[in-house]
Every structure is written in C-alpha cells, then in structure tokens.
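J.: Dumping the structure here so I can ask a few things about it.
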Amino acid sequence: MFQIQLLNNKSFQCDPNDTIVHAALKGGVFVEHSCLSGRCSSCKVLVESGESIALHDELTLTKSEKREGYILACIRKPLSDLKLATEDLGEYGFQKPKTIPIKVNSIQQLNEDIIKVSLRFPPNQSLSFLPGQYVDIIKGYTTRSYSIANASDQGFIDLIIKKYEGGVMSDYWFNHVKTNDLLRLEGPKGTFFLRKKAEKDILVFLATGTGIAPIKSICEDKNNLEELNKYKEIFIFWGMKHQNEVFWQPQIENLKINFIPVLSRENNLGSPKKYVQHTVLDQNIDFSTSIIYACGANEMILEAKKKLMAVGLSESDFYSDAFVSSN
C-alpha cells in the first residue's frame, strides 16, 4: 500500500494496482473527477512528490503541464507514496456510490433527438446526490453515464438523453424502453457541483446539448438558492442548433438569471456559426471576478477555458464536466 497525501493533512491508502481516484473513493475521500477514463481532464492534479504511472497516454494534458508535474489521477497508479496539491471535497456532503434497482416511471419526448426519462426507486430506497452529479445506468452488460437533471429533494431522478445513431443504449431508449422497465443504477458520481465562492461577483454556466442537465439541477435545487443569490449576476449560455430544440429555460422563484441560447444553425445569414465559447466573450463580463461551470462537449470546454483564461479568468475558477463518447 502507498500513502497518498493531500492538502490540509488529508491522506488515504492506495493499492499499487488501483488508480488514485478509485482508491480515494474507497477510502471515503473525494477528489476532483468526472469521466474516470482520462478524457475530460477534470482529475488533473499537480504532483508535489512521488512517482506514478499512467494506464495510457494522458492526451488532454499539454506538454508544459506534463513537464510541470501534472497528472490525470483517474488513470494513474502509484509507484511510491505521493503528495498531491489537491484537497478532499468530502465536506460538501458527497456520498459513496451504490448500486440499486430502478424502474422507468415515464418517458417524455423533448425534441426529435432528446427525451427525458424519469426513474423511480424501490420502496424504502433513495439516492442522495449533489446537484450536478451523474449516475451510471446499467442494462445487461451495457453501462452508460447520464447527468441528473432535477433537484435533489424530489424522490426520483430525471435523465436527459440524446439519440446517437448506432448506439446500443440509444436503440433501447428511443425504440424499446417501456414504463416499469427494470434497470440498475450506480451512483452518485462526479465532482461537478456548486462551490461556495462568495468572494466572486459573477456566475457563468456554459452548456452544449444535454450538458444543460446538471446546470438545470444546480439552479433548480432549493438548497443552492442562498449560495446562488450571493452573486451579483448569473448567466447561462446554452448551445443548441435550432430554437425549437431549446426545451428548458430557467424560471426559478427569487432567482434572476440571464439566459442566452446560442443557436449554431439559425440566423447566421452567411456569417460564421455561433458557439457558446465565442458568444460568452461578446458579453460585458469581468472574468477576473467570475466563476465558470462548463458542461457538454469536450471541445467547447477546452476552448472556453483557454479563451477565458486569456481574458482574466483564474484557472482555479473554471469547473467542468465533459461529455465524452462511450467508445
């Protein structure tokens, strides 16, 4: 066993055959992570001392980040004791993932390619999660990850699911799913949630496609209302192709939000397509006093982070949950 030391004297044990993130979760320690496959870079962390080995190439790290000692903790195994420049997020109330049976309660068509599926729990069972987290849905030998789209106090969970041509789970969701179908759920997972950063003035959400789901969950959860109201301004930029695809807009009592749909295929009149990561720069936002939460396409997240840091955003004020393909 190796000792993994975090900031504030928090530590956990890691078996040489386990990844750093998995060992942390086993030990009841919650460090930044999302996809658990090394493709979204949410688990990027600086190694202050010690050695580790990557399960495969860390493609989302730049050459300079690798030279500086950054690793992706979800695909790294320790070769020695490690000291990492990150903190345990356990104080926010994370729960260890568990596996429970769930049943399909309802299916709603939101637009041609997106549905909302509501899932109910067995009697005397429920799922405690932080708004913004995701779950794995297991059907037979197939597992797919979906962000939770509703508030945490409703006794069920909603998933917003997009159709992917040729997808095994897409075929089930869009062609075969029925009310009362029995599935399994594993979760909650991920560390995408609303932080307490009262010193910031502006809160900005960036989303593409079904990446709006965890943002919807965060904004609609009454437990977040006090924290959200501390900001002087809140923006939601949501990228879709057409206006008729925009199936949600924030209408939250006692919370004012600047909601800006960004439509890439409409009203361009020969001009370049509009994208979230470009439109956000057109607003009069002081990014030096902003905090950003980005969810959706990995390409949007990587470009948005680069562009916003170039105009004053601190890297520590950028949080993301990249939706990466299952293949």
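J.: Being within 20 Å of the chain's Cα centre (by Cα), open to solvent by 30 Å² or more (accessible area, probe 1.4 Å) and within 28 Å of Lys230 (Cβ to Cβ) is the filter here; which residues of segment 274-305 pass it?
T.: Result: Lys305, single match.
J.: Considering every residue within segment 267-274, establish whether at least one is part of a helix (DSSP H, G or I), in contact with a His (Cβ under 9 Å, 6 or more places away or on another chain) and not assigned by the TED database to the domain that holds Val135.
T.: Here is the first cut: in segment 267-274, the residues part of a helix (DSSP H, G or I) are none.
Taking every residue of segment 267-274 in turn, none turns out to be part of a helix (DSSP H, G or I), in contact with a His (Cβ under 9 Å, 6 or more places away or on another chain) and not assigned by the TED database to the domain that holds Val135.
J.: Out of all the residues in segment 99-133, which are in contact with a Pro (Cβ under 9 Å, 6 or more places away or on another chain) and open to solvent by less than 50 Å² (accessible area, probe 1.4 Å)? Spell out how you get there, then give the answer.
T.: Taking segment 99-133 first, the residues in contact with a Pro (Cβ under 9 Å, 6 or more places away or on another chain) are 100-103, 121-122, 125, 127-133.
Passing the criteria: Ile100, Ile102, Phe121, Pro122, Leu127, Phe129, Leu130, Pro131, Gly132, Gln133.
J.: For segment 80-98: of the residues being more than 15 Å from Val21 (Cα to Cα) and out of contact with any strand residue (DSSP E or B) (no Cβ under 9 Å at 6 or more places or on another chain), which is least open to solvent (accessible area, probe 1.4 Å)? Break it down into steps so the answer makes sense when it comes.
T.: Just the residues of segment 80-98 that are more than 15 Å from Val21 (Cα to Cα), to begin with: 80, 91-93, 98.
Cutting the leftovers down to out of contact with any strand residue (DSSP E or B) (no Cβ under 9 Å at 6 or more places or on another chain) gives us 91-93.
Details: Glu91: 152, Tyr92: 59, Gly93: 37 Å².
The extreme case among them is Gly93.
Conditions (1) in a loop (DSSP other than H, G, I, E, B); (2) within 30 Å of Ser126 (Cα to Cα); (3) modelled with pLDDT of 90 or more, marked per residue:
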site	(1), (2), (3)
Phe193	yes, yes, yes
Ile212	no, yes, yes
Phe259	no, no, yes
Arg265	yes, no, no
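J.: Mind telling me which of the residues Asp136, Asp221, Asp201, Asp153 ends up being among the acidic types (Asp, Glu), under 30 Å from Ser316 (Cα atoms) and open to solvent by less than 10 Å² (accessible area, probe 1.4 Å)?
T.: Asp221
J.: Cβ-Cβ below 7 Å, separation at least six or inter-chain, first residue in segment 163-176 and over 15 Å from Tyr141 (Cα atoms), second open to solvent by less than 90 Å² (accessible area, probe 1.4 Å) and in a helix (DSSP H, G or I): which pairs?
T.: Lys163/Ser170; Lys163/Phe174; Tyr164/Ser170
Residue-wise test of (1) free of Cβ contacts under 8 Å to residues at least 40 places away in the same chain; (2) among the small types (Gly, Ala, Ser); (3) not in a loop (DSSP other than H, G, I, E, B).
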| position | (1), (2), (3) |
| --- | --- |
| Phe12 | yes, no, yes |
| Val21 | no, no, yes |
| Ser34 | no, yes, no |
| Ser37 | no, yes, no |
| Ser64 | yes, yes, yes |
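The values are calculated or read from the model by the stated rules, or taken from the named source; none is laboratory data. These numbers were taken from a predicted model, which means no experiment stands behind them. Reconstructed Cβ throughout: ideal geometry from the backbone, glycine too, with neighbour counts over all protein chains shown. Heavy atoms of the whole protein, side chains included, go into the accessibility calculation; ligands, DNA and RNA do not. Shrake-Rupley method; radii C 1.70, N 1.55, O 1.52, S 1.80 Å.
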